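Any read-out appearing in this document is the output of simple, stated calculations on the displayed coordinates, not a laboratory observation. A quick note: this is a predicted structure, and the numbers were derived from the prediction, not measured. Don't worry about glycine lacking a Cβ; one is built from the backbone with ideal geometry, like all the others, and counts go over all protein chains shown.
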Amino acid sequence: MTHTWYSVKIPSLGSVVWLFCLLAPCWPCGAPGRNDLLLCRSCGHEVALGSSASFVHSPLALSHRNVSVLGGGRVPVQLLENPQGYRFEVVTFRVAHVHKHWPADSRFTWYPGYSWTVATCPQCSMHLGWAFQPSSWPEMVTEQQFESSEETFVALVIDRLLQENFASALLMTPKSFRS
Ligand SMILES: [Zn+2]
């Protein structure tokens, strides 16, 4: 797969824009069946499916908002703040293709009862979010243990993702511009 759009600058592309395409088939999405694929914004690595978004409530969330998407779906977004005061808008997913940096840490967790690891892009190592596992688990588990459990989830920072077909559509030349 070639991702010739990597170098495209999207200066004002906010999270709301890509969320329009997160879950539902819609304009400007094209290829059926791939229109909810979410990519690492830095390198284009395939990270998650919008359809695998699964809301996990954090009692520490500063705010919630449900973003409507075309087709009737809604994506819950939570605003969270880390101990250093940095704020992140995250969407939680049942599964995501990210590199998890064990050992897990139970301190400063946004989800009581769950320990976290930093989650990075497997391809470019960009920080994409955090992976959560029950605090009762050992700090070190295998990828297979994490993936096969129903109790684990991944929180991804929404502005570090890009929806694939929206990205592709940015390179389409409007008919009116063609000679
Ligand atoms: Zn990446």
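Where does each of 99, 45, 64 land when they are ranked from fewest to most other beta-carbon atoms within 10 angstrom?
The fewest-first ordering by Cβ neighbours comes to 64, 99, 45.
Within 10 Å of each candidate Cβ there may be at most 15 other Cβ atoms; applying that plus a DSSP loop requirement, which chymotrypsin sites (Phe, Trp or Tyr not before Pro) in the stretch 88-162 survive? Answer in residue order: 108.
Computed from phi, the 3J(HN,Hα) profile of the stretch 82-96 under the Karplus parametrisation 6.51, -1.76, 1.60 (θ = phi - 60°) reads 8, x, 7, x, 7, 10, 9, 9, 10, 10, 9, 10, 5, 9, 7 Hz, with x in place of Gly and Pro.
For 118, 91, what ranking results if the residue with the fewest other Cβ atoms within 10 Å of its Cβ goes first?
So the residues, fewest neighbours to most, are 118, 91.
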